[in-house]
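Visitor: For reference, the structure I am asking about is given below.
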Amino acid sequence: MLLFSYLLMSGITTGALYALVALGIVVVNKATGVINFAQGEFFMFTGFVGWMLHVQFGMNYPLSFLLAVTVGFLLGTLTDRIAFRPIAKTDIVSLVLATVGIGFILKGLARVIWGGKADYLSFPPITSPEPIMVGSLMVIPQQLAVLAGTIIIMLIFAAFFRLTRAGKMMQATADNSRAALLVGIRTDRIYTLAFGTGAAIAAAAAVLTAPLTLLYPDIGFAFFLKGFAAAVLGGLTSLPGAVLGGLIVGIAESLAGGYIHSSVMELSPFLVIMIVLVLRPTGLLSFRKARRV
Amino acid sequence: MRKRLAGPTTLFAAAFVVSAATAQTPGITADTIKIGTFGALTGPGYLYGKLPMNGVEVVFDEINRAGGIHGRKLQLVREDDRCDPTAAIGAVKKLVEQDQVFAIIGGGCSNATFAAKDTLEASKVPTLIFASVHDGITTPPAANIFSTATTSTIESQAQLAYAIEQGAKKIAIISMRDSWGRARYTPLIEAFKAKGITPTADEELSPDANDATAQVLRLKAAGADAVLMLLYPKPAAIFIRDAQKLGFKPLSLGQTGIADPAAFEEQVGVPGATANFRTISQVRYTPEDPKMDKWRKLVEAKFPGDRLSVYNLFGIGSAEVLVEALKRAGKDLTREKVVDAFANMKDFATEVYAAPITCSATDHRCNKGPAWMAKEPGGPIKVLGFTVVGQ
């Protein structure tokens, strides 16, 4: 039972991070219909920004977090203005390729700005590094902080989409962009907002994750892969689905590693996804809309 | 009269033949020897390229200040391979064909150097590798390529030998299974077989892992008292951190992938977690060691803004070996003589390597004595000794 508890806790913590990355992918896809392949690089780049603010400039963690999220939002909106809006009317393949290009640019920039300082940059823990006992379970406080932070961010974004005018306009654009345009919603601004929000979520995920891992310019792809898997599992357009998908991917990895063998850890989430998609091609929480005629 | 002239004539003829031969050998003049070097001068791989090259250059400066080798000064020509296999082939071709160097010392990133092996071999230019550890560079041996870098097989064998030496009874493995990890994993399993031991547990960890709870729990359940880590610093730091969290404190042995125990302690970030961690170094001194003062001053004077690093020491040790081979080859320098000098080098002591350098005609891995380093939590880095393997 203790083994299961440890594996579950570790699965939930990493799963929550995958969920955040998935959330960013879903927000952009929901509003624009584009899979942002640069989401992992937004994660990496803003993680480095957080590191620079906190470690190099000595700012406290909450301020570094907020500034990194702001930088993420600005980076996302700037990317939309420079890279996507000029080709917005072209086909979807061009837009997707543009996201791949942005990813390479961000990785190159990170190497120029932060390369050569060390192989891997460490982000100091925001809590005591000493493990604590929660019942009979030994956990690192940092894991609890990450988990709490992830839940708070998810709640904030859920509230944003349900309660704010901007969030509702994003939902409307996602449901039917032409109808949204007809009722006066500036869909181009919604796209900008979606890219900004997606990058801001990536920044939040990165600065939360940074103390649990090490930063390096290639970190983004691995997180993107798991986040994308989680988003697909959840249905690609469902925000709760992204969260559920992230948790399933994290827990599947951990339990497979503990109970079968560590060699199947990387494989297990993708097996789960294959099985789910065979049984439910639209994902766990995405439903095909019935059209009345 | 005829008899009187015979001596000087023979001498003159011999001198003419020698000077003609020397003149035909690229890269040599009456007072210079042109040596080429390749490796990454730019990008993140500069640690294994530019820094060892800087080490080579300060050794050459010292030799030149003392009058050179048999009256010839050493010139270093650098080429950037950017850690890229195609660029490495291009760099070697340029050094050989355009710059016409006499010999080469270099090779930073393993995959790039391995890609250039055929080009190096075909050129017949005496080559000494200073940092690349890929087994394929020296095995099977190419007639003209030697290495002072500890190869991945040597490091894997040393890990197992050291664990046994430390009294470990249940030895486990945790490894990455990418090309870097496999190059170490396969010889490690062979080393286990050769000693008639079975690993207590054999776990994998992804290079991008952010959690190693499952692996730690499995190794702990197996009762491992030593864990041989074939990991990059990132997954290794995650493993050590999670091991500490779960109260698992075996002897943990790394390889040169984790070359800096101080940086590693910082990356792990949990006080005391690295207490049982040891790692391999190609050299026996840390840059801070007083015995390295001479080199520190020279490197920092020649390259303002640089601080002596362990990667400089790779170049310094390798350059000492090349210089020795050039000296042994004699004044009438040919490439064949330098290759012979490498192949016959036995127990040559350098200022930086842990074990004496020994090569042979059949074994071109000249550095078979990796050193062991540890850092007491919060304390200085210490060199614990060295393990000689593969001889």
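Visitor: Roughly speaking, what is the centre-to-centre gap between the range B:53-82 and the range B:143-192 when only Cα atoms are used, to the nearest Å?
Guide: The two parts, judged by their Cα centres, are 33 Å apart.
Visitor: What dipole magnitude, in Debye to the nearest 20, does the range A:16-218 give about its Cα centre under +1 on Lys/Arg Cβ and -1 on Asp/Glu Cβ?
Guide: Magnitude of the dipole: close to 680 debye.
Visitor: Moving on to the next point. Please identify the helices of chain A, taking whole runs of DSSP H, that span at least 20 Å along their own axis as judged from the Cα atoms and have a mean Kyte-Doolittle score of 0.0 or higher.
Guide: Length and hydropathy pass: A:2-32, A:61-79, A:92-114, A:141-163, A:187-209, A:219-234, A:239-259.
Visitor: Rank-order B:151-157, B:170-176 by packing density, defined as the average count of other C-beta atoms within 10 Å over each peptide's residues, highest first.
Guide: Put in order of decreasing packing, that is B:151-157, B:170-176.
Visitor: Averaging sequence separations of C-alpha pairs under 8 Å and six or more residues apart, then dividing by the length of chain B, give the relative contact order as a whole percent.
Guide: 17 percent
Visitor: What's the FRET efficiency of B:K297 with A:V134 using the Cβ-Cβ distance as r and R₀ = 60 Å, to the nearest 0.05?
Guide: Calculated transfer efficiency: 0.65.
Visitor: Take the solvent-accessible surface of the protein heavy atoms, probe 1.4 Å, and return the percent of it on the range A:16-218 that carbon and sulfur atoms account for.
Guide: Of all accessible area on the range A:16-218, carbon and sulfur atoms account for 69 percent.
Visitor: Given the pairs B:K170/B:K220; B:K73/B:K331; B:K34/B:K93; B:K34/B:K117, which span a C-alpha to C-alpha distance of over 18 angstrom in this model?
Guide: Flagged as over cut-off: B:K34/B:K117.
Visitor: Helix B:310-329 versus the longest principal axis of chain B: what angle, 0 to 90°, nearest 10, using Cα atoms?
Guide: Roughly 30 degrees, rounded to the nearest 10.
Visitor: Here is a follow-up. Students often check this: by mean Cβ neighbours within 10 Å, which of A:216-229, B:313-326 ranks highest, and how do the rest follow?
Guide: The peptides rank, most packed first, as B:313-326, A:216-229.
Visitor: How much length, in nm to one decimal, is gained on full extension between B:L384 and B:A143, taken as 0.36 nm per residue of separation minus their Cα-Cα distance?
Guide: Gain in length upon complete extension: 83.3 nm.
Visitor: On to the next question. What residue among B:I173, B:G254, B:F38 has its Cα farthest toward the positive end of the dipole of chain B, where the charges are +1 on Lys, Arg and -1 on Asp, Glu, each on the Cβ?
Guide: Selected residue: B:F38.
Visitor: Can I ask one more? Principal axis lengths of the protein assembly as shown from Cα atoms, whole Å, largest first?
Guide: Sorted from largest, the Cα extents of the protein assembly as shown read 123, 59, 47 Å.
Visitor: Distance in nm between label sites at A:H261 and A:R111, each 7 Å beyond Cα in the beta-carbon direction?
Guide: Inter-label distance under the simple model: 3.5 nm.
Visitor: Turning to a different aspect of this structure: Pick out, from A:V69, A:I185, A:I113, the residue whose Cα sits farthest towards the positive end of the charge dipole of chain A, with +1 on the Cβ of Lys and Arg and -1 on the Cβ of Asp and Glu.
Guide: Comparing the listed Cα positions along the dipole, A:I185 ranks first.
Visitor: Can I ask one more? Write down the percent of antiparallel bridges among all DSSP beta bridges whose residues are both part of chain B, to the nearest 5.
Guide: Among the beta bridges of chain B, antiparallel pairing accounts for roughly 30 percent.
Visitor: Hey, got the average number of other protein chain Cβ atoms within 10 angstrom for residues in A:252-262?
Guide: Rounded to a whole number, the mean comes out at 5.
Visitor: Taking every residue in B:203-209, how many Cβ atoms of other protein chains lie within 10 Å of its Cβ, on average?
Guide: Per-residue shielding by partner chains comes out at 6.
Visitor: Fully extended, how many nm does the chain gain between A:D91 and A:L78 (0.36 nm per residue separation, minus their Cα-Cα distance)?
Guide: That pair, A:D91 and A:L78, stretches by 2.6 nm at full extension.
Visitor: So what is the diffusion coefficient of chain A in µm² per second by Stokes-Einstein at 4 °C and 1.567 mPa s, using a Kirkwood Rh over Cα pairs?
Guide: 66 µm²/s
Visitor: Give me the angle, in degrees from 0 to 90, between the Cα long axis of helix B:2-24 and the longest principal axis of the Cα atoms of chain B, rounded to the nearest 10.
Guide: Helix B:2-24 and the main axis of chain B meet at about 40 degrees.
Visitor: Related question: Once you have the Cα-Cα distance between B:A222 and B:D178, take 0.36 nm times their residue separation minus that, and quote the gain in nm to one decimal.
Guide: Roughly 13.4 nm would be gained on extension.
Visitor: Show me the ranking of peptides A:97-105, A:197-205, B:239-247 by mean Cβ neighbours inside 10 Å, starting with the highest.
Guide: A:197-205, B:239-247, A:97-105
Visitor: If you don't mind, there's one more thing I want to ask. Would you mind giving the mean number of other chain beta-carbons within 10 Å of the Cβ of each residue in B:214-220, as a whole number?
Guide: Across B:214-220, the average partner-chain Cβ count within 10 Å equals 6.
Visitor: Any idea how far the Cα center of the range A:121-150 sits from the one of the range B:303-351, in Å?
Guide: Centre-to-centre (Cα) distance: 50 Å.
Visitor: How far, in degrees from 0 to 90, does helix B:50-65 lean away from the longest principal axis of the Cα atoms of chain B, to the nearest 10?
Guide: Once rounded, one gets 40 degrees.
Visitor: Which trypsin sites (Lys or Arg not before Pro) does the range B:191-239 hold that lie in a coil by DSSP with at most 13 other beta carbons within 10 Å?
Guide: In loop regions of the range B:191-239 (DSSP not H, G, I, E or B), the sparsely surrounded trypsin sites (Lys or Arg not before Pro) are B:K195.
Visitor: Between the range A:73-104 and the range B:229-261, what is the separation of their alpha carbon centroids in Å?
Guide: What the calculation gives is 40 Å, centre to centre.
Visitor: For the protein assembly as shown, give the share of DSSP beta bridges that are antiparallel, in percent and rounded to the nearest 5; count only bridges with both residues there.
Guide: 35 percent
Visitor: Here's something else I'd like to know. Percent relative contact order of chain A, based on C-alpha pairs within less than 8 angstrom and at least six residues apart?
Guide: Over chain A, the number comes to 36 percent.
Visitor: Follow-up question, since we're still on this one. Please give, to one decimal in nm, the separation of the simple spin-label points placed at B:A122 and B:E351, each 7 Å out from Cα toward the Cβ.
Guide: Rounded to a tenth, the inter-label distance reads 3.9 nm.
The values are calculated or read from the model by the stated rules, or taken from the named source; none is laboratory data. The shown structure was predicted, so the numbers you read here are calculated from the model rather than taken from an experiment. All Cβ positions, glycine included, derive from the backbone under ideal geometry; neighbour counts span all protein chains shown. Remember, those area values only see protein heavy atoms, side chains included, never the ligands or the DNA or RNA. Shrake-Rupley method; radii C 1.70, N 1.55, O 1.52, S 1.80 Å.
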